[in-house]
Every structure is written in C-alpha cells, then in structure tokens.
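Down below is the structure, laid out as structure tokens.
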Amino acid sequence: MTSKKMRKTNKENIRKYETLFLDNRYPSGRNGKVVYIRPEYHERLLRIVQMTREEKTTLYSYIDNIFEHHFKEFGIDITDFFNERNKPIL
C-alpha cells in the first residue's frame, strides 16, 4: 500500500471517528448520573474533547456517543450474555 493511499485511509478513519464520537448531540449532562472515571482516562478524554473547540463537543456528549456506539455494536451480545445468566424461575 502506498503512503498516499495510507494517508487517505487514515483521513477517512479520522472523519468516521469524528462523525461517530465527536458529534455534540447532547450539550449538557445536567440530567445524567455521576460516575467515576480513572484519572488517566479522564485526562485522555478531556484532551480529545479539547481538540474539538470549534464544535464545542462536551465531555458528556463524547462519552454518551461512545456508549451509544458500544451498545449498537454489542447490544445483541450483551442481551444474550444477560439472558444466559438470568434464567426465569418458572
């Protein structure tokens, strides 16, 4: 693969990442819940969000987008996992 082709693919991946995760659909987390995030992850997340100053993506929106993608990608597996371990009593 040529370096030009690799750069194009990398730019496409970056655009896809931005569309999936850095879209600011939920500007405020005031109605959400407080959760603990490891300090090293919190720092990384903040640095990523700070790079999107033009779009004003919030940390809340970024994390929400990550969860949304995770549940879309693994929702069936999560449901199957849950159902295997929680059999009905009757």
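Just checking, does the stretch 15-25 include any residue being surrounded by fewer than 11 Cβ atoms within 10 Å (Cβ to Cβ), modelled with pLDDT under 85 and assigned to a loop (DSSP other than H, G, I, E, B)?
yes
Check Val35 against each of (1) in a loop (DSSP other than H, G, I, E, B); (2) modelled with pLDDT under 85; (3) hydrophobic (A, V, I, L, M, F, W, C) and name the one condition it does not meet.
For Val35, the exception is condition (2).
Within the stretch 53-65, does at least one residue satisfy the condition of being of a type outside the set (Asp, Glu), modelled with pLDDT of 90 or more, surrounded by fewer than 10 Cβ atoms within 10 Å (Cβ to Cβ) and assigned to a helix (DSSP H, G or I)?
no
The values are calculated or read from the model by the stated rules, or taken from the named source; none is laboratory data. These numbers were taken from a predicted model, which means no experiment stands behind them. FYI the Cβ positions are ideal-geometry reconstructions off the backbone, even for glycines, and counts take in every protein chain you see.
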